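Undergrad: Dumping the structure here so I can ask a few things about it.
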Amino acid sequence: MTSDNTDSARKQVPNIDFSMVLASAVHDMKNSLGMLLNSLDDLRREQGEKIGESSRFNTLQYEAERMHNDLVQLLGIYRLGENNLSAHIEEHFVPDFLSEHMARHTPLLEGLGIEFELEAHDINGFFDQDLLTGVLNNTLNNALRYTRKKIKLSAREREGYLVIAVEDDGEGYPDNMQHTGTPEFKALDFKSGSTSLGLFFASSVASLHTANERKGSIRLHNGGSLGGGIFEIWLP
Amino acid sequence: MTEPAAVPTGTDFAKLSYLIIDDFESFRLSMREMLRSFGAEKIESSAKASPAIQFCAYNHVDVVLCDFNLGEGKNGQHILEELRHKKLLKRSSIFLMITAETSKDMVMGAREYQPDAYLTKPINRAMLLKRLDSLVSQRTALLPINREIDLENFPEAISLCLKYLPSQPRYKTWLMKTLADLYCQVGDFSHALKIYEDVLNQRDLSWASLGRGRVLLATGHYDEAENALSVLTQKHPDYMEAYDLLAQALEKKGKSGQAQKVLEKASELSPNALLRQKQLAGLSGANQDLVTASNAWRKTVTLGTHSIHDSSENYLALGQSLSDLSEGDTSSDGYANADEALTTLRRMERRFPDEENIKVRSRVVQSRVHAGQGNRQEANKALESVSDQLSDNETVDPELGIDYAKTLFRLDRHKEAKTLLGVLSNRCADDPLLLQKIENLLDEPVGFQQKLQARTLNRDGIKAFEANDLDQAIKTFDDALAIVPDHAALNLNLCQVLMKKHKSTNDNTLLQKAQKHLERLESLPAQHRQHRRLVSLRKKLQGMMT
C-alpha cells in the first residue's frame with residue numbers, strides 16, 4: 001500500500017507546471033521583500049541619524065531593493081513568456097511621473113550620501129506607468145552601485161521620441177555592453193556577477209511601446225555631463 | 001538625516017481630513033506620523049472595514065488611505081465598492097489603495113469601482129508626500145467638474161471639461177476620458193465616439209479602443225464592436241473590461257456560446273470579480289451548460305461573502321443550478337451535487353433570515369432536489385413545511401410560483417402545476433420575461449437531460465422534414481413528444497408533417513392523429529408564442545377534415 005502511494009505521488013510530479021510553481025514562489029518572495037523594505041524604511045525613520053549613516057544599514061536596504069527589483073522583473077518576464085503582459089499606454093506628465101518615482105529612492109540616496117539631480121522638461125509622454133517604473137527602479141539601483149557621488153535622471157524629447165536617461169559618474173559601461181537595440185538574453189556571467197536580466201527586461205518593456213511604425217528601444221553608452229555610464233530608454 | 005520642517009509643496013495638508021485603514025497598528029502609526037509631518041491634523045484611523053465605513057457615513061473624509069489586504073473579512077476593494085456604491089464617499093474625495101503587490105493582479109478586473117491611485121508598499125515619506133501632493137493638486141484643479149458630477153449635473157460637467165481641456169494639459173487624459181464618459185451618460189454617443197476616434201487617430205491607446213467598442217455596442221453596431229473588441233483582447237490579453245464588452249457584443253449577435261467562452265477566459269485570468277462570475281453563471285445557464293453555470297454560481301456566492309453584491313438570489317441560483325444538475329443522477333457525483341444544493345439553501349435561510357419568502361423559496365428547491373434523488377418522502381416533507389405560503393395561486397409571487405410549478409411537475413402533480421401556470425400567465429400577461437419562463441416550463445416540464453434529448457430530436461425532426469423525409473420526421477417528432485408530450489411547438493411541428501403527408505397519401509388516419517395532437521394543446525394560454533400558429537393550424541385541419 002505504502003509503496004503504491006509513493007509511486008503515484010512520484011508519477012504526479014512531472015505534471016506540475018514548474019514555471020508556474022516558480023512564478024508563485026517568486027511572487028511570494030517579492031511580497032516578503034516588500035514587507036522587509038517597509039520595515040527598513042520604518043527603522044530608518046525611527047532611528048534617524050543613528051542608522052541613516054550606517055553603511056551596513058544602507059547595504060542592507062540596497063541589496064533588498066536589488067532583490068526586489070530582480071523578482072519584479074522575473075515576474076514580468078514570466079508574464080511576457082505567457083503572452084500575458086501588454087503595455088497599457090497612457091499619456092502622462094513626465095515631470096510628475098519622474099519626481100514621484102525619485103521619491104521612492106530618496107531615503108537610500110540620502111543614506112548613501114549620493115547627490116541627485118532631476119532634469120525633466122515639461123512634456124507629456126506616452127507609456128505604461130507600471131512597466132516603466134519597473135525599468136527605472138532597476139536602472140537607478142544599478143546606477144547606485146556604480147556611481148561615485150552623483151546620479152542624474154533626465155527626460156527630453158528627441159527625434160520625436162521621449163528619451164528618459166539615467167546618468168552616473170562612475171566608470172561607465174564596459175565596451176562590450178555599449179550598444180543600441182535589443183540585447184540578447186545571454187547566459188549569466190558568474191565571474192562579473194552581472195546578468196542580462198535587467199537589460200533584457202528593459203528592452204522588452206521598451207519594445208512593447210509602439211506607435212504606428214515606431215518602436216521603443218534602449219541605448220547604453222558612456223560620457224554625458226557626468227562622464228560615467230548613461231542608460232537611455234527611447235519611447236515613441 | 002533630518003526631516004525638513006516645512007513641506008515644499010503647494011498643498012495645504014492641514015485643511016483636509018484623512019482616514020487610514022490598515023490592520024497593522026505599526027503601519028497606521030507610521031502613516032499617521034508621516035501625514036502629521038506634512039501638516040495634516042484631522043486624521044482618523046481604523047483597523048477594520050466596518051468601523052471605517054461607519055465613520056465615512058457620518059463624517060466627511062477627503063483622503064482615504066486603505067490597505068488592500070486587511071486580513072480576515074472585507075478587503076480594501078470591498079470597502080471602496082461599499083463607499084462608492086452607497087455614495088458615502090464623494091467623487092471629489094480621494095481613495096488611495098495601498099497594495100503589497102507590485103502588480104495589480106489581486107485587484108485587477110474589479111468591474112465597477114477603481115481607486116484614484118495605487119500606492120505600492122514599501123511606502124516612504126517622500127513618496128507619500130509626492131503622491132498626495134499631485135493627487136490633491138489634481139483634485140483641486142478638477143474639483144468644479146467632480147462637484148457637478150456628484151450632483152449629476154452632466155451637461156455642466158461636460159462644458160467644464162471642454163473649458164479645461166486647452167488650459168490643463170497636465171490632466172488631458174483624465175479630461176478626455178471623463179468627457180467621453182459623460183457624453184455616453186447623457187446618450188450623446190456620436191460626440192463620445194468622436195473623442196475616442198480623435199485619440200485613436202493619433203495613437204493606439206487601449207482606453208480609447210475600449211471606449212470606442214463600448215459606444216459601438218451601445219449604438220447597435222454589433223459587428224464592428226465585436227471586431228474592435230476582439231482585436232483589443234488579442235493586443236491586451238490582460239484588459240478585463242474588453243472581455244466583458246466583447247461577450248456582450250457576441251451575445252447581442254446571438255453567439256451566446258462564444259460569449260460564454262470569452263467570459264470563461266476572462267474569469268480564468270481574473271477570478272475575483274463577482275459581477276463577471278455572475279454574468280458567466282447566467283449566460284452558461286441559458287446555454288444549458290449546467291456544470292459551468294454551477295461553478296460560476298458557486299464562485300459568485302463565495303466572492304459575495306464580504307461584498308455589497310452578496311444576495312440571496314445568488315444562493316438560490318446556485319441551489320437551482322445544482323438541483324438541475326443532480327436531478328435523476330444517483331451516482332456519487334449526483335449525490336454530492338444534491339447535498340451541496342441542500343447545504344447552500346440552508347445557508348441561505350440562515351444568512352438572510354428576514355427576507356420575504358426566503359424559507360419558502362428555499363424549501364421549494366430543496367423539495368425538488370430530494371425528488372431528483374428519489375426521496376419522495378423528504379420531498380413532500382419539505383413542501384409541507386411551507387404549504388400555507390403556496391396555497392393561493394392568485395397571490396403567490398410569480399417567480400416563486402414558477403419554481404413551485406417546476407417542483408410540482410417533478411412530483412408528478414402535473415394538474416396542479418398546469419393550473420398554477422395558467423393563472424400565472426394571466427397575471428403576468430404584460431411581462432414577457434416571466435411569460436417566456438412559463439412557456440418553457442409548460443413545454444418542457446422534465447429534467448435537464450431529457451430536455452436536451454427532446455431538443456435534439458426536435459432539431460433532427462426539422463432536418464428530416466426539410467429533406468422531405470416525412471416518415472423519418474414523424475417518427476422523430478413522436479420520439480420527442482414521448483419525452484415532452486405537451487411541448488407546443490413540437491406538437492404543431494408534428495401536425496404540419498402529418499398534414500403534408502396527407503396531401504400525397506390521402507390517408508385520413510393521419511388527420512385524426514393530427515387532431516389528437518392539437519387537442520393536447522387545448523389549455524395553451526393565449527399569451528403563448530405558439531398560440532397563433534395553433535389557431536391557424538386548427539382552422540386548416542378543420543378545412544381538410546370536412
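The values are calculated or read from the model by the stated rules, or taken from the named source; none is laboratory data. No experiment lies behind these values; they were computed from the predicted model shown. Using ideal geometry, Cβ is built from the backbone for each residue, glycine included, and neighbour counts are taken over all protein chains shown.
Undergrad: Among the numbered criteria (1) within 29 Å of A:Ser99 (Cβ to Cβ); (2) at pLDDT 90 or above, which one does B:Ser50 miss?
TA: (1)
Undergrad: For the range B:48-96, name all the residues that are surrounded by fewer than 16 Cβ atoms within 10 Å (Cβ to Cβ), in a helix (DSSP H, G or I) and in contact (Cβ under 8 Å) with a residue 40 or more places away in the chain.
TA: B:His85
Undergrad: Can you tell me which residues in the range B:246-271 are more than 17 Å from B:Thr292 (Cα to Cα) and surrounded by 24 or more Cβ atoms within 10 Å (Cβ to Cβ)?
TA: Of everything in the range B:246-271, those that are more than 17 Å from B:Thr292 (Cα to Cα) and surrounded by 24 or more Cβ atoms within 10 Å (Cβ to Cβ) turn out to be B:Leu246, B:Ala249, B:Leu250.
Undergrad: Within the range B:176-193, does at least one residue satisfy the condition of being at pLDDT 90 or above, in contact with a helix residue (DSSP H, G or I) (Cβ under 8 Å, 6 or more places away or on another chain) and not in a helix (DSSP H, G or I)?
TA: yes
Undergrad: While we're here: For B:Ala286, are the conditions met, namely being crowded, with 23+ Cβ neighbours inside 10 Å and in contact (Cβ under 8 Å) with a residue 24 or more places away in the chain?
TA: In short, no.
Undergrad: Moving on. How many residues, within the range A:96-106, are facing chain B (nearest Cβ under 8 Å) and more than 18 Å from A:Asn142 (Cβ to Cβ)?
TA: Summing the residues that are facing chain B (nearest Cβ under 8 Å) and more than 18 Å from A:Asn142 (Cβ to Cβ) in the range A:96-106 gives 4.
Quick grid of which residues meet (1) touching a residue at least 40 places away in the same chain (Cβ under 8 Å); (2) over 26 Å from B:Leu524 (Cα atoms); (3) among the aromatic types (Phe, Trp, Tyr):
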| residue | (1), (2), (3) |
| --- | --- |
| B:Gly328 | yes, yes, no |
| B:Ala341 | no, yes, no |
| B:Arg376 | no, yes, no |
| B:Glu399 | no, no, no |
| B:Arg410 | yes, no, no |
| B:Thr419 | no, no, no |
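Undergrad: In the range B:138-155, which residues are surrounded by fewer than 16 Cβ atoms within 10 Å (Cβ to Cβ) and either charged (D, E, K, R) or not in a helix (DSSP H, G or I) (or both)?
TA: B:Asp150, B:Leu151, B:Glu152, B:Asn153
Undergrad: Quick check on B:Ser536: is it farther than 19 Å from B:Lys406 by Cα, of a type in the set (Ser, Thr, Tyr) and under 43 Å from the mean Cα position of the chain (by Cα)?
TA: For B:Ser536, the condition - farther than 19 Å from B:Lys406 by Cα, of a type in the set (Ser, Thr, Tyr) and under 43 Å from the mean Cα position of the chain (by Cα) - is met.
Undergrad: Follow-up. Tell me, please, whether a residue that is free of Cβ contacts under 8 Å to residues at least 40 places away in the same chain, among the polar types (S, T, N, Q), at the interface with chain B (Cβ under 10 Å from one of its Cβ atoms) and buried (at least 18 other Cβ atoms within 10 Å of the Cβ) can be found in the range A:33-46.
TA: Scanning the range A:33-46 turns up at least one residue that is free of Cβ contacts under 8 Å to residues at least 40 places away in the same chain, among the polar types (S, T, N, Q), at the interface with chain B (Cβ under 10 Å from one of its Cβ atoms) and buried (at least 18 other Cβ atoms within 10 Å of the Cβ).
Undergrad: Select from the range B:281-338 the residues that are part of a loop (DSSP other than H, G, I, E, B) and either more than 30 Å from B:Ile53 (Cα to Cα) or touching a strand residue (DSSP E or B) at 6+ places or on another chain (Cβ under 7 Å) (or both) and list them in ascending order.
TA: Listed by number, the residues that qualify are B:Asn287, B:Gln288, B:Asp289, B:Glu327, B:Gly328, B:Asp329, B:Thr330, B:Ser331.
Undergrad: Would you confirm, using the coordinates I've provided, whether A:Lys149 is modelled with pLDDT of 90 or more, surrounded by fewer than 17 Cβ atoms within 10 Å (Cβ to Cβ) and within 14 Å of another protein chain (Cβ to nearest Cβ)?
TA: In short, no.
Undergrad: Against the condition within 18 Å of the chain's Cα centre (by Cα), in a helix (DSSP H, G or I) and more than 14 Å from chain B (Cβ to nearest Cβ), how does A:Asn142 come out, does it pass?
TA: Spelling it out, A:Asn142 is indeed within 18 Å of the chain's Cα centre (by Cα), in a helix (DSSP H, G or I) and more than 14 Å from chain B (Cβ to nearest Cβ).
Undergrad: Report yes if A:Phe127 is more than 21 Å from A:Leu226 (Cα to Cα), facing chain B (nearest Cβ under 10 Å) and over 13 Å from the mean Cα position of the chain (by Cα), otherwise no.
TA: Against the criterion (more than 21 Å from A:Leu226 (Cα to Cα), facing chain B (nearest Cβ under 10 Å) and over 13 Å from the mean Cα position of the chain (by Cα)), A:Phe127 does not qualify.
Undergrad: Separate question: Anything in the range A:118-135 that is free of Cβ contacts under 8 Å to residues at least 60 places away in the same chain, closer than 18 Å to A:Tyr161 by Cβ and either of a type in the set (Phe, Trp, Tyr) or in a helix (DSSP H, G or I) (or both)? List them, or say none.
TA: Hit for the range A:118-135 is A:Gln129, nothing else.
Undergrad: Can I ask one more? Given the criteria within 30 Å of B:Asp12 (Cα to Cα), more than 27 Å from the chain's Cα centre (by Cα) and not aromatic (Phe, Trp, Tyr), does B:Arg147 qualify?
TA: So B:Arg147 passes the test.
Undergrad: Here's something else I'd like to know. Of all residues being of a type in the set (Ser, Thr, Tyr) and within 12 Å of chain A (Cβ to nearest Cβ) in the range B:12-47, which is surrounded by the fewest Cβ atoms within 10 Å (Cβ to Cβ)? Just the residue, please.
TA: By that ranking, first place goes to B:Ser26.
Undergrad: Taking B:Pro237 and the conditions (1) part of a helix (DSSP H, G or I); (2) farther than 19 Å from B:Leu275 by Cα; (3) in contact (Cβ under 8 Å) with a residue 24 or more places away in the chain, which numbered condition does it fall short on, given that it satisfies the others?
TA: (1) is the only condition that B:Pro237 fails.
Undergrad: Continuing with the same structure: Could you grab me the full set of residues in the range B:201-259 that are of a type in the set (A, V, I, L, M, F, W, C), within 17 Å of the chain's Cα centre (by Cα) and within 14 Å of another protein chain (Cβ to nearest Cβ)?
TA: Those that are of a type in the set (A, V, I, L, M, F, W, C), within 17 Å of the chain's Cα centre (by Cα) and within 14 Å of another protein chain (Cβ to nearest Cβ): B:Met240, B:Ala242.
Undergrad: Condition first: over 19 Å from the mean Cα position of the chain (by Cα), modelled with pLDDT under 85 and among the charged types (D, E, K, R). Now tell me which residues in the range A:154-188 satisfy that.
TA: Residue satisfying the conditions is A:Asp175 alone.
Undergrad: What number of residues within the range A:80-95 satisfy the criterion of being within 8 Å of chain B (Cβ to nearest Cβ) and charged (D, E, K, R)?
TA: Of the residues in that region, 2 qualify.
Undergrad: So in the range A:82-112, with the set limited to residues that are touching a residue at least 60 places away in the same chain (Cβ under 8 Å) and outside any helix (DSSP H, G or I), which one is surrounded by the fewest Cβ atoms within 10 Å (Cβ to Cβ)?
TA: A:Ser86
Undergrad: Also, quick follow-up: Got a sec? Which of A:Leu162, A:Leu131, A:Leu136 is touching a Gly at 6+ places or on another chain (Cβ under 6 Å) and closer than 24 Å to A:Ser207 by Cα?
TA: A:Leu162
Undergrad: State which residue is nearest to the other protein chains (Cβ to nearest Cβ) when the search covers only the range A:53-69 and only residues that are assigned to a helix (DSSP H, G or I) and more than 16 Å from B:Pro122 (Cβ to Cβ).
TA: By that ranking, first place goes to A:Ser55.
Undergrad: Hey, among A:Glu91, A:Glu117, which residue is touching a Leu at 6+ places or on another chain (Cβ under 9 Å) and modelled with pLDDT of 90 or more?
TA: Going through A:Glu91, A:Glu117 in turn, just one is touching a Leu at 6+ places or on another chain (Cβ under 9 Å) and modelled with pLDDT of 90 or more: A:Glu117.
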